[in-house]
1. Quick one: which strands (runs of 3 or more DSSP E) lie wholly within the range 80-166 and hold at least 3 residues that are of a type outside the set (Gly, Ala, Ser) and crowded, with 16+ Cβ neighbours inside 10 Å?
2. Quick check on my filter: what residues within the range 151-169 are over 16 Å from residue 118 (Cβ atoms) and touching a helix residue (DSSP H, G or I) at 6+ places or on another chain (Cβ under 6 Å)?
Amino acid sequence: MKHKLLLLIFLLFITSCGGFYEKTDARKTPTSGPERAQKNLEEGRGISIKNATDAIRGSGTFEFSTSNPMWRASLEVLDFLPISVVDYSGGMIITDWYSDEVNSNSSLKITIRFLNNEINTNSLKITVHEKNCITVSNCNIKILDSRLKEELIASILKQAAILEQETKKK
């Protein structure tokens, strides 16, 4: 009985949504973007971004991966590893599984998440995964909380500080 009542209430909500939208005449709606934006502003349905032309001319400040020393340093420190995911807008670098010639049954995968652009230890979250395989189909994966993680953080911070000093000198 409860399910039927909930379904009925849900259906009532769905069918009553039509009252939120006003019907418009397509003949009275401007076709160009700037005219539509102006009409929306006049009707109180939009927002105005002041000095939008300044952003178009390039006077705004933008953060690109080449101007972020933490991002550049992370890529330089991990340059010997095969990288599977690089997402600057999402703030993430994920390497592929890597194993050396000495121990081919064990491989590592490193994930770096950028929490902010400042050069300090709280700006990075590094996860090191280790995969140990007995056979190809029998693998055990675990997260390492090892010295490697601390060494990666230290190397990235050191390289980021060097890159930031070089940028300031220019």
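1. Working: elements: 83-87, 92-95, 106-114, 124-135, 138-144.
Qualifying strands (runs of 3 or more DSSP E): 92-95, 106-114, 124-135.
2. Result: 155, single match.
FYI, it's all coordinate maths here, none of it is from the lab. If you're wondering where the values come from, they're calculated on a predicted model, not measured in any experiment. Neighbour counts are summed over all protein chains in view; Cβ atoms, including those assigned to glycine, are modelled from backbone coordinates with ideal geometry.
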